Structures are given as C-alpha cells and as structure tokens.
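In what follows, a single structure is set out as structure tokens and then discussed.
The values are calculated or read from the model by the stated rules, or taken from the named source; none is laboratory data. Please read all numbers here as calculations on a predicted model, not as lab measurements. Don't worry about glycine lacking a Cβ; one is built from the backbone with ideal geometry, like all the others, and counts go over all protein chains shown.
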Protein chains: 2
Amino acid sequence: MSSAPGPHRTPLTDEEVRALDAHWRAANYLAAGQIYLLDNPLLREPLTPDHIKPRLLGHWGTSPGLNLVYTHLNRIIRRNGTDTLCVWGPGHGGPAVLAGSWLDGSYSEIAPDVGRDEEGMRRLFRQFSFPGGVPSHVAPEVPGSIHEGGELGYSLAHAYGAAFDNPDLLVACVIGDGEAETGPLAASWHSHRFLDPRHDGAVLPILHLNGYKIANPALLARLPEDELDTLLRGYGHEPLHVAGDDPEHVHRALAAALDTAVDRVRELQHTARTGGDKGGGRPRWPVIVLRTPKGWTGPGEVDGLPVEGTWRSHQVPLPGVRDNPAHLAQLERWLRSYRPDDLFDADGRPRPEVLACVPEGARRLGATPHANGGLLVRGLPLPPLEEFSVPVDAPGRTTHEPTAVLGELLARVMADTAKRRDFRLVGPDETASNRLTAVYGASGKAWQEHTLPTDEDLDPHGRVMEVLSEHLCQGWLEGYVLTGRHGLFSCYEAFVHIVDSMVNQHIKWLTTSRRLSWRAPLPSLNYLLTSHVWRQDHNGFSHQDPGFVDHVLNKSPEVVRVYLPPDANTLLCTAERVLASRDRVNVVVAGKQPGFDWLTLDQARAHCARGAGIWEWAGTEDPGREPDVVLACAGDVPTQETLAAAQLLREHLPDVAVRVVNVVDMTRLMPAGEHPHGMTPAEYDALFTTDRPVIFAYHGYPWLIHRLAYRHAGHAHLHVRGYKESGTTTTPFDMVVRNDLDRYRLVMDVVDRVPGLAVRAAGVRQAMADVRTRHHAWIREHGTDLPEVADWSWRT
Amino acid sequence: MSSAPGPHRTPLTDEEVRALDAHWRAANYLAAGQIYLLDNPLLREPLTPDHIKPRLLGHWGTSPGLNLVYTHLNRIIRRNGTDTLCVWGPGHGGPAVLAGSWLDGSYSEIAPDVGRDEEGMRRLFRQFSFPGGVPSHVAPEVPGSIHEGGELGYSLAHAYGAAFDNPDLLVACVIGDGEAETGPLAASWHSHRFLDPRHDGAVLPILHLNGYKIANPALLARLPEDELDTLLRGYGHEPLHVAGDDPEHVHRALAAALDTAVDRVRELQHTARTGGDKGGGRPRWPVIVLRTPKGWTGPGEVDGLPVEGTWRSHQVPLPGVRDNPAHLAQLERWLRSYRPDDLFDADGRPRPEVLACVPEGARRLGATPHANGGLLVRGLPLPPLEEFSVPVDAPGRTTHEPTAVLGELLARVMADTAKRRDFRLVGPDETASNRLTAVYGASGKAWQEHTLPTDEDLDPHGRVMEVLSEHLCQGWLEGYVLTGRHGLFSCYEAFVHIVDSMVNQHIKWLTTSRRLSWRAPLPSLNYLLTSHVWRQDHNGFSHQDPGFVDHVLNKSPEVVRVYLPPDANTLLCTAERVLASRDRVNVVVAGKQPGFDWLTLDQARAHCARGAGIWEWAGTEDPGREPDVVLACAGDVPTQETLAAAQLLREHLPDVAVRVVNVVDMTRLMPAGEHPHGMTPAEYDALFTTDRPVIFAYHGYPWLIHRLAYRHAGHAHLHVRGYKESGTTTTPFDMVVRNDLDRYRLVMDVVDRVPGLAVRAAGVRQAMADVRTRHHAWIREHGTDLPEVADWSWRT
C-alpha cells in the first residue's frame, strides 16, 4: 500500500508517537487475545493448545483499524477536552472496542470482576464469544456504545441522531468500507444538510477503507482515489486522506488529520454560533478517509496464502491453532510481536506509556454518559390533555381528524422543549400529509440548504425532520433516543416496513440493555403509523400493508407495545402514555381522515388504562346474562364498521343480545404469561365469553388475532375479519367490502354464527347481501359510496 | 427558473420541435383529463360540474416531466431503432405513462375498449383512479411498465436488473428528486460498477429535478449545481444538464442531451465489445439531469398561492372544481391551453403531427416485450438431480453442508446458461459464507473496478453478483426476473428483513399481473435463506431472526411459497421445484453447516411432492392404530432435535407410540381453502390426528404454526416449540436449549402432554431435566456442547 502524506505537517513528537503506538499495540494484543486465549493471557509460558479456546469466534480483520481510531480519539479528547462519542460502524469488531474500554478503565467499572490486571485480562479474554460471557459484537454489553453494528448500514445515521441538539458533543463515526455499500449508509452522507451548526454537535465521519468485506474487495476502496474524493465532495464534505501500512507514518498522518478536522469543526461552529443566521451558508464538514490494511499487524500469510491485507483476515486468520502446531507457533509469534512485556507490567497492568493518551473520567470513550442516554434523560413536559381533547356529547355525533388533534399536542410539546431541545419529530416528507401541521407553529423543518421565497416552514434550527428516507428517519431517531432524548416517527403505515430490520435491531438492543443494571432506561422509540391501509385513496394497493404490527409482535414482549386508538381522544391518551414511557418500542396506528369521536377524554383515559373494554352504550346485552354474540374491534375503521353493524343488528334483530368490545392495546389479547399486558383467563373470558361467537373486526391481517389469542378458552368461537390483500385505488367503503370487513358482512357473520339465527334471520342476511350487491353496481356507476354509507352516523 | 444551454448544439428542426411539443401537449392534456374528467373528454362543450369526477385522485406534479421524457424517448427510439425500456421512478405519475401508451397505441392493444378515439379517450379518463377502473400508479395494468414506483427507491436498481444480459437494450430510468433521497436509490448509483459493457445493455439515468416532494423541497434539487455535478461524477457518471421552463428551449436541449447520451452509450459499448478485455477501464456512462418545474404547464396560481413550480402541484392542483366555479373555469382554461383541437381530429384521434415521433411495433415503450418478460422467458436447463444428490444408505449416518451440495447444482445451471446468459445469483457478499462457492467454477463475480493480484473469482463478465446491499441484490434481481430471466438471492436469514418492503411490492406486482391475461407468467423470485437463526456462531443475537417467513405469509397465497428442506437431498428437490416455477416468490430456508442426511433422492422427491409426510422409519407407531403422540418438525435443526427426541423416547419409553412428521412446504399446514397448497381436513387429520398431542418443533417463531393451523381439528392439541428471541454468541446446542427446542425438552413435553405419562414417566422426565442442567454447567466450564450431543447420530 502506498503511503500518502497527511494533510498537515505532523504535530507529534517521537515520544508521542511511541506512546500512541504502545496503546495501539496493547489494544491489538488484547483484541487477538480475546479471539484466541482461554488462559495464559500474558504469555508467561509458551502457548499450548490448552490455552486456546475450543471454538474460535470473532472478527480480527477490522480490529486493528478500530483500535487505531480508539487510540487517536483518546489523544484528541485529551488535547481538546471535547465530549466525544464514537459510533463504531464495524461493530462486529467487538474485541477492539472491548480492548479500548478495558484500557481506559471504563470496562472494569461496569464489570468489576474484569479488572485492569492479569486476572482481569484472563477474564476479558475468556468471556469473549464464550457461552455465558459477552457477545462478539459491540453490543449493549460494551460500554461507550450506542450501536452494535451487526447489520451494517446505520452507523452514520446513528451518529447524526446523537449529534442533534448536543451542541458540545463531537460524534466520531467509523464507517467500514463494507457498510459503505449499503443504501442507508449512502443516504446518510447527506445528513449534514439537516445539521444545525449552532444547536447541534458535530459528526466526524471516518471512512475506514481496509479494502475488503467478508469475501470480496470493498467497492469504495477500489475507486480511483480522485473519484472517491470527488464523491465525498459531492456529498458536501471536505475529505482528509490518510493512508499507509507503516505504523509511524500512519500515526503521524492520522494525528495531523484529526487535529485538522477537529480544528475545522470548531472553526465552523464558531462561525455559525457567532455570525448570525445569514453567515456563510452551509458548512463543509471534514471527513477522514483512512486507508490501512485489513487485519493489519496480524499474520501476513497462512498456509502459503496472503492473509494480512486481504479478505482472509476477516474473522479468525489462524483457524487451526488447537490442532495445528504450526498455526499455534504462528499465533504465538504474532502475539509476541506486540511485545506484551513492554505494554503490561508484572501484574498485567498497562504501563504508563500505554495509558499516556487515555483521557480522564467521563471524557473516556467508554465512560461518556451520552452512550448511556438514560443517565441524561429528562422527562418530557406533557401538558394536560384537557387542553387538546375534543368535546364528545354523545358517541358518533362529531368527527375529527385524529392525527390533526394529536398535532396540537405535539406542537405544545415542541414549544415547551424549545429551550431544552430534547424532542424531535421525524418523518419521510409526510408530516403535513399526516395532518401534523400544527407542529410548524412551534418548530420549523430542519434545513441547511438553499431556500426560495415560496418555501414554507423551513428553518435551519428546526426540530421537525423531513427527508424522503425512512432509513434516515429511523436511524436519526434511534441515535437521538439512545443518547437520552425524545421523539416520534410519523410514517405511512405500509412503508414503515422499509425499516423492519432496523427496528428489529433496536428492539434487540433494548431487550439486552434492559437487563444490564448499569444501563439506565431510555426514552422509547415511538411510531405513529397513519395514512393506513383503509385510506390510501390516492395510491392504492402498493400503499396497503398493515403488517408492521405482526412484525414487531414477534419480538421481545417486554419491549414491544402496539396501540390502535379508535378515535381522537383515545389517540391523545395513547400518545401521553407512549411519550412518557421508557425502554419501549411503541407502535400507534391511527387515522388521519375525519373519523367519528366515540369517547370523552375521561372515557378514553379509562379505556386506555384497561387496554380493552366493553362499550356498553353500543351493545344490547342484558347486564344479567351472557350476550348472544360479541362484536369485537380494533382500529378506527373496523370500529366504525362494527358500530354500524351493531346498529343494524339493533334495528333488524333487536332480540339478539350484542356486546361490543373495543381493543386499543393489542397485547392485551395475549395470555398473561406471554406478555406483561396480557390478560388472565378470567379477564379474557369476562370480555369475550368462553362460548359465544366473537366476530372480530381487526385493522390488519386477521390471522394475527388468532396468533395472539389462540390459548384463550373462547378461541374456537373467534371469527376474525381484516385486511386480506385485496385492494386498489377505490373508495373507503369499497375497501372494507373487498376485504369482507364491512358492516353488512359483519351482520351476515352474526347470522351465520349465532346458533338458531340462520333460519330465523335469513331475510335479514339476504337484505345485507343485497346492499353489498347494490354497492358494487353503485360504485361502478357513480364512483362514490352508497349514500346510506356516506351519510351514516351512530344513532342511539 | 434559469435556462442553461444544452450540452450540444441542437439537432432539431423547427418542425421537429413543433411535433415533439404537440406530442407533449397531447400527453399533458390526457394526463390532466384522467385526473379530472368523467365526460366531455375533448371539451366539445363548456365544462360543467357533471363532467368532473366525484373524487379527484392522482398526481399531476410529476406528470409533465414524465410526459416530456416519454415524448423524447419516442424520438430517440425512432432515430436509433434501439430496443428501449423505460423505468418510471415517479410511478405515482400514472396518468403520464398511461397517456404515452394511449398515444403510441399500445394501451388500446391491451385494452381494446379504450381505443385511440374520442370514446376511447372518454374511457381512458373515466377509468383512471375510478372504482373498477385502473389504479393511479404505473401498476402492472400499465403496458410497458415493470415498476410501479409507489414505494420509491428502487427504480435505478430495477433498471440495472433489466439491463444485465440484455446487450441490445437501452434502459432509460427516470429518477424523481424525491426518490433520490432514499437509501436504496443512493446505493444504486454505483450499480454501473457491476455492469458489463460487453454482455449487458446500458442504463441511462434521467435525474428529474422538479424541485419538490409532497410538501418539501427536494434535497438534490437544492444543492449548488456544481456540488450535484461533482456528486454524479463521484458516482462515476458523466452528467449532461438540461434545465428550463421554456418548452422550446427544453425540447431542443433535451433532444441534444439524449442524442449525446445515446451516441456516447454506443461508443462505450462499441469500444468494450471490440477492444478486448483490457480496453480502457470502466466506462463513464452518461446521466441526464433534467430540471423543469413541478406541475409545469398546470395552474400557475390557485386561490392566490403559487402552484406550478411548487410542491402544491403534487397531487390535484385545483381541488375544488366540482363546487367552485372559479376553479372549474380555471381548469377549463388550463385544459384548453393545450389546444386540444390542434392535437386530436374530429373523431378524437391524435393528429399525424402528434404521432410523428412515435415509433412502430415492439419498439414502442408501451409495447416492448422486455416489460412483459414472460413473453421472452425460456425455461432454465435443470440437470438431473442424480448427478448432485448425496448417497444415503441409512438415515442420519452421514452429514453434508446442504447449501454446498446445492452450490454444485447451481454451478451446473450457471455453466449451462453460459451462452444464454439468463441466470444470475445475487447476494450481499455472502455467496462464499453461504457455501455456494462451487458456482465460481462456472462464473466469476461481476466486477468492473480495479483488481489486484490477490483477488479471486472477480470477472468483468461474471453473473454472480455480490454487493453489500440487500437492496441492490433484491432490486437487481427483481429487474432481471421482471424482464424474463432467472435468478436466486442467497441471504443471511436475519437480514433479508432489510428488503421486507421490497418483497411486499414484488408480491403485490405478481398478485396483480397474474390476473392480467396479457401479462405472461414470469420466472419466480427465489430466496435461499441460510446462515440461519440456529447457527450464528460468530455473531449472535443481532443475526437471529427467522421472521421473514411470517412476513411473506401475510401476502397473497397464490404467489407465496415457503420451504424448509431438512437435508441436502430435499434441498436439491426444492431448488429444482422453485427454479422451474413461475409467478411465485419462493422462500427456501436451509442450513449451511454440516447436517445429517435423512432422505435418499427418491425419498426426498416424494417428500417434496407431498410437502409434509410421516417418516415411518423414525417413529414407533403400529400401523393399525393412532400413535400416542406426534412429533412434528420443520427446518433442519428442529428435525435433528426431533429425531434425537424420538430416539430418546424409543430408548426410555418404548411403549409410547411415536409418529414423526416432517413438514417441508409450510403452506401445507394451512387449510385448503386458504392456500392452494393447503391440506383438506382429511389430509391434515391423517398426518396429525385430531386428538393426540402434537409436539411441533419449528425453525422460526412458534406462533406462526398456530396462525397457519388454527382452523384444523387437532389445533387444540398442538404444542409448538421454536425461536422465542433468546440468543447470544453461544454454541449450537445452547441455542436450542435457550429456546426450549432441544431434544430433552421435547421429551419432557411428550411426558407432560401424553395422558397418563406424567406419573409413570416422571423419572424419565427428571433424567431429561438433569441433562439440561448438566448442559448449563458444562458449557460455562468448557465452552462446548456436551459430548453426548456433539457426538450424537441417529441409531436404529
């Protein structure tokens, strides 16, 4: 590999270079030790197979590069005293970040049995990727981390999320050249176009080109250097290139590049913070391009094949050490090449030279409270809902756009956090479409690019984030909440699947971090899913998918919550609940189109507290006896159709005792043993009975209800209607008819399933079927819904 | 908007400009007409509210730009005679593409009642976004389309997929500036680095900057022009800029840019195809940047607010035309501004000048067979499986890596399509990790960038595609199969969720296209999911998610198939089946680690044909009577644990009659009425009984089995074990123990559930529990699995 000069003359003395190199060698030694050694951590005796782990797991290839960055970030933190958080994109290089945190002492603070001495080193090595130990990635178990990096693609978005509204924080972000090929990472390069240099911190991307992925060269590493430079400039950055395979040269060049970068960041921030709003346009933030060999300092060749500097160093470069004496000997030579005796004293403690670059206290990368955001979080100021609720004199008389009502509440939260700046709303260009426009009264939309006189609500200091990338919305918000701030992601229901895999990773993070006593509870990640399956009038089939709920309900019950508030007041109560919660992923599905108001604020509060309940006013059952049928519903449109069906039954079959049950918290349907919100058998049976037919109108895929409720006694009598992938560009009522969720079909279901009704109510059934037939003819002729449906409202 | 000169002097005569403008005006008229008009299509009489649709749905804003591209692509097709396909990224602009295909006559060929005359125009208008008509997007109903564009992000990847192995095809791709903000699109810019100028066709990206998304400025449209130019050059492209709001200028500039681009494409192809492999390095393909106003030629202002050239033109710029006479008058002025009488003759037919640019026959954009790939598809040559199957003298004696065995078959298919070039394997840098390395013997990995001497298997003409982006893998393969070629996507099981939303859209496309008689059946989209949840030894919890199966099973049953072959021979039979299928999304989950061989090829064939069956040799039931318990399993690891449990039962409780059932086709578990592969009640009961306990060991989330089988009679006796989100970096056996899927737990389940066993077999149950306890102690001490587990194999 060629050696290019650093961007500045080196500021390092030879002594400093020696000290940095000592820290780096120590970290490399510790990383390799974790992958291989069960015992004999300091090589006090010659290596034998007994010292080697039975299963060799982990990723060496990226580790020397991550170690190098850890070493040099230590140095600039000491130099500048800047609060610094590092997002380690190649998080599979767990041994590196563990090594860094062991060296800076933060690891022993969260794991006191793993002290900074020989016995601690033995435990550090043994526990790595060992059953009952620590996992192989930069998982929640690793101090200083907000990012596991297992999936790849989200490091830079996380880094920006951490930097927003953290004006004094520098967020370094190591981006592997593998990760750099992903779509989400490619989009993330534009994030600085939304970063406010006055109120936000800085992100310093470090694109680490070690040249290879698992088994292939990395794309960006093989571009002509000028083309890569052009690309980064096109992204709006100022690249600083560091390359080499000679440690001394690279230490000097990287130190110079980091000094240049950090000085430049300060200068840009100073200009923006003192120059007024009109000063100078969007900054060109620095980015460091770091080119070093994959598996650097590891085995150069193994069994005659090149390893260092190739993809073969990705995981375990010497796989046969337990059985192959030559491999064992090569491992020993490799480990001894770091000269452990120079690095650690007789007790196994790092020598002063090794620790010379390490900063103190909370400045250490492993100890920054920003990576344990629960330590910093403040509760959101949530105003009394009475100021936002809609009056409901009687159910079903008035309509509101639920998300518009919520928008007023969010606007207040936005206003009340104007100084604290710890609340953000993110969405893929849909805030207005989703009727949340009231928030613009409290905060504009973040935007650092050129504006035109016709623009509205753009604001370089705004905390509403809009970009047409669900990945960026999700990644930014994850970074924001992981560092202890609050937010809400409003998204079209169908397209939130774009981030299925990201939410998986976030839920897994929370599942683990909740179990770590030293990690403090985090603000929840909150979704508002609207523009939902039943009201995609402008778009149709491609915009219809209610399956995100199914997706998240596969995940850890202690983390996942799903709410389907049926009206505006219930949405307000749900929002209050989720915004105050911790360590959750809350999914709220609600309509943006005008929908009926069913519950007063007090009723809505009680309903949310129960999660599911009988709406006595809507049914016809006698208090004393079991109903003939239960009409259950979840979601705004199914609730409307269910109430319309209940009304039809009251008119046409008044002697059928109908109970109406509404479910707002979907996890209530699960058994108590399966989810903390689940119902006991007695609770479930009291709502749904054990033997009466239950016609359940559900917002999403009908089989989800069976999946949740199959253990309950009444399950055999449960009949669910929902979305079954039938859709196109059509009217709202036609959508429910196509999916057999309409009021008439629900009445027919009652007739079909209540014992004895089939014959007696055959005429009613036929009448219902006739309306459906009439609907089909009407809609093809007029393009609208039947007047009796369009004009329907609840009558008591 | 300022007008920049085109890159070349214009080649157009004034007459040509007039003709192009006539076509464009006609298309704009037709697009607006579709959004608004129920009747009076040619404005023979003054507009009245009765002529207006009751619900105004659709997207005007992007339509004039799409129309402009349609017009000018017509011209270059005529000029060059090149087979051309256009991918319309802003596919929500359905009215535009429908207008273009109506004008080129292709629409009337697939919809004969919508002729190219006044009555046809009336129907074209009325049916758009009208119930029972055509949807508002460029959906399968639109001829010439392979891309709906509803979700945004995948146009460019689709375009490259269409271009691969289509050397004579030019794929134009309109990328909206909204879509350009997405991650998948951002990554797609690098696709040309994998495009072989010799064997592949060309992609011509047309980045259309109309400046706005739904409610915000578009990011790329607001970059300084030199920064955008730099960005595109960094992507490796040669940008050609066209900008303006004066139609004549833009016609001339766009024609010049397209001529330049197409000439440049031909030149690059000629060089590559005549110059040998070493000629000149990777080409710099042209890209056109087209800057025109959003909603161009539409209403300039509405109710005093600017509309043309702003986000307000996104959907329906004049929303109140039915009720607001001023809006109605403005609509009429707008429509008449296109001078319909100059464009259409007395019968409503387009005048010759309008059609002057339109090419003939299959060259028309609406008629290209590449957009109806089923017309072009050839069956894959599938070799006899006997050449690849593994010998199985008795079950469970030998082991193979199933995906490695499959790799040999895929290598043959790759070799046998070397000349045809209609088969590709895609994967995110995991082909080798997934043990499919044999394919490199038949084809290298596509790669156009710089290579090094240490590289292996890179080949500028390769048909194995590896890039660390699941989005690109999916998008490329979708484009490839939609244009009638074959492929397989091999992916880590957990991370295929990255493309959840993309597969949604593809399934929706197939669901619709299958119902259109003029669309021919397409090759299936095939997934091989491996490196699955039970064997993520190097990675752990973040790499464990078997939920993609749950995700796809929410979708249309006529399209979705899910297979879990338990061993190598069954995987071969499954692969043969899916590679020969049409119009499906096939998900195959299989292990890459050595696993036991259970079935001979003939047995595997029979098992695959049935989809689920009794493995008599593994059970202990008497032919004459019902078993005491059914041990069911699906997936390689659950099958192994189930057989080990069956063996333990045979040893410890020989009088318990055990039936072993293996399920390879998951949809067999559904009722016949719900899925074409579903079982009748008699079939299901014959396998699972109606009243005996069924202990089902399933590969994924256990509740999926309940969701599939809840309607069957025996459901109340079904007890499912599977993955329940418990994982870390640990051993294979510890993974199944953590999730209660291990053999000992399965035996305990049998004891707990078979009537009468609880007391009689209490000792056996305790013995099983003791082994599990021993496991926990052993693994923490040794880091390996119990010897009795590690050394286990099936004994008869």
Which residues, counting only those in segment B:221-238, are touching a Lys or Arg at 6+ places or on another chain (Cβ under 7 Å) and outside any helix (DSSP H, G or I)? B:Gly236, B:His237, B:Glu238
Can you find a residue in segment B:203-226 that is acidic (Asp, Glu) and within 14 Å of chain A (Cβ to nearest Cβ)? yes
Answer yes or no as to whether A:Pro49 is more than 18 Å from A:Leu124 (Cβ to Cβ), over 37 Å from the mean Cα position of the chain (by Cα) and in the same structural domain as A:Leu209 (by TED's automatic domain parsing). yes
Residues A:Leu579, A:Leu643: which one is of a type outside the set (Phe, Trp, Tyr), part of a helix (DSSP H, G or I), on the phi < 0 side of the Ramachandran plot and outside the structural domain of A:Val750 (by TED's automatic domain parsing)? A:Leu579
Does A:Ser188 satisfy the condition of being within 18 Å of A:Leu231 (Cα to Cα), surrounded by 24 or more Cβ atoms within 10 Å (Cβ to Cβ), within 14 Å of chain B (Cβ to nearest Cβ) and out of contact with any Cys (no Cβ under 8 Å at 6 or more places or on another chain)? yes
One residue from A:Leu37, A:Leu12 being farther than 27 Å from A:Asp259 by Cβ, touching a His at 6+ places or on another chain (Cβ under 9 Å) and surrounded by 14 or more Cβ atoms within 10 Å (Cβ to Cβ): A:Leu37
Among what's in segment A:703-741 and is hydroxyl-bearing (Ser, Thr, Tyr), surrounded by 20 or more Cβ atoms within 10 Å (Cβ to Cβ) and within 27 Å of B:His137 (Cβ to Cβ), pick the residue that is farthest from the other protein chains (Cβ to nearest Cβ). A:Tyr723
Could you say whether any residue in segment A:277-291 is small (Gly, Ala, Ser) and in a helix (DSSP H, G or I)? no
From the residues in segment B:302-360 that are assigned to a strand (DSSP E or B) and closer than 30 Å to B:Thr13 by Cβ, which one is farthest from the chain's Cα centre (by Cα)? B:Phe344
Being part of a loop (DSSP other than H, G, I, E, B), within 13 Å of chain A (Cβ to nearest Cβ) and buried (at least 24 other Cβ atoms within 10 Å of the Cβ) is the filter here, so list the residues in segment B:498-536 that pass it. B:Ser531, B:Val533, B:Gln536
Name every residue in segment A:766-786 that is farther than 14 Å from A:Ala644 by Cβ, without any contact (Cβ under 8 Å) to a residue 40 or more places away in the chain and not acidic (Asp, Glu), in order of residue number. A:Gln766, A:Ala769, A:Thr773, A:Arg774, A:His776, A:Ala777, A:Trp778, A:Arg780, A:His782
Residue list for segment B:163-196, filter: of a type in the set (A, V, I, L, M) and over 17 Å from the mean Cα position of the chain (by Cα): B:Leu169, B:Leu170, B:Val171, B:Ala172, B:Val174, B:Ile175, B:Ala180, B:Ala186, B:Leu195
Residues that are touching a strand residue (DSSP E or B) at 6+ places or on another chain (Cβ under 6 Å) and more than 27 Å from A:Glu493 (Cβ to Cβ): which helices (runs of 4 or more DSSP H) entirely in segment B:118-220 hold 1 or more of them? B:118-127, B:155-163
Just to check your reading of the model, which residue among A:Asn67, A:Asn74 is away from chain B (no Cβ under 14 Å), free of Cβ contacts under 8 Å to residues at least 60 places away in the same chain and out of contact with any strand residue (DSSP E or B) (no Cβ under 8 Å at 6 or more places or on another chain)? A:Asn67
Output the number of the condition that B:Glu616 fails; it satisfies all remaining conditions of (1) more than 30 Å from A:Tyr723 (Cα to Cα); (2) buried (at least 19 other Cβ atoms within 10 Å of the Cβ). (2)
On the basis of being touching a strand residue (DSSP E or B) at 6+ places or on another chain (Cβ under 7 Å), crowded, with 21+ Cβ neighbours inside 10 Å and either away from every other protein chain (no Cβ under 14 Å) or among the β-branched types (Val, Ile, Thr) (or both), does B:Leu240 make the cut? yes
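A quick yes/no check of all residues on (1) under 13 Å from the mean Cα position of the chain (by Cα); (2) assigned by TED's automatic domain parsing to the domain that holds B:Pro135; (3) assigned to a helix (DSSP H, G or I); (4) of a type outside the set (Val, Ile, Thr):
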| residue | (1), (2), (3), (4) |
| --- | --- |
| B:Gln474 | yes, no, yes, yes |
| B:Leu477 | yes, no, yes, yes |
| B:Val481 | yes, no, yes, no |
| B:Ser490 | no, no, no, yes |
| B:Val496 | yes, no, yes, no |
Taking first residues from segment A:375-397 that are under 30 Å from A:Thr639 (Cα atoms) and second residues anywhere that are surrounded by 12 or more Cβ atoms within 10 Å (Cβ to Cβ) and small (Gly, Ala, Ser), the pairs with Cβ under 7 Å that are 6 or more apart or on different chains are A:Leu382/A:Ala580; A:Val390/A:Ala568; A:Gly396/A:Ser793; A:Arg397/A:Ser793
Are there any pairs with C-beta distances below 8 angstrom linking a residue in segment A:424-441 that is facing chain B (nearest Cβ under 8 Å) to a residue that is among the charged types (D, E, K, R) and not in a loop (DSSP other than H, G, I, E, B), with the two at least 6 apart or on different chains, and if so which? A:Asp429/A:Glu466; A:Glu430/A:Glu466; A:Thr431/A:Lys445; A:Thr431/A:Glu466
Regarding segment A:537-560, can at least one residue be identified that is within 30 Å of B:Phe130 (Cβ to Cβ) and away from chain B (no Cβ under 14 Å)? no
What about B:Leu56, is it buried (at least 23 other Cβ atoms within 10 Å of the Cβ) and either assigned to a loop (DSSP other than H, G, I, E, B) or not β-branched (Val, Ile, Thr) (or both)? no
Take the residues of segment A:323-373 that are among the polar types (S, T, N, Q) and crowded, with 19+ Cβ neighbours inside 10 Å: which is farthest from A:Leu73 (Cα to Cα)? A:Gln330
From the options B:Asp770, B:Asp749, B:Asp740, residue that is in the same structural domain as B:Ala632 (by TED's automatic domain parsing), in contact with a strand residue (DSSP E or B) (Cβ under 6 Å, 6 or more places away or on another chain) and under 20 Å from B:Arg650 (Cβ atoms): B:Asp749
Flag if A:Gly65 is outside any loop (DSSP other than H, G, I, E, B), among the small types (Gly, Ala, Ser), crowded, with 24+ Cβ neighbours inside 10 Å and out of contact with any Gly (no Cβ under 6 Å at 6 or more places or on another chain): yes
Step by step: first the residues of segment A:119-176, then only those that are polar (S, T, N, Q) and facing chain B (nearest Cβ under 9 Å), then the one that is surrounded by the fewest Cβ atoms within 10 Å (Cβ to Cβ). Which residue is that? A:Ser129
How many residues of segment B:219-263 are touching a helix residue (DSSP H, G or I) at 6+ places or on another chain (Cβ under 6 Å) and of a type in the set (Val, Ile, Thr)? The answer is 3
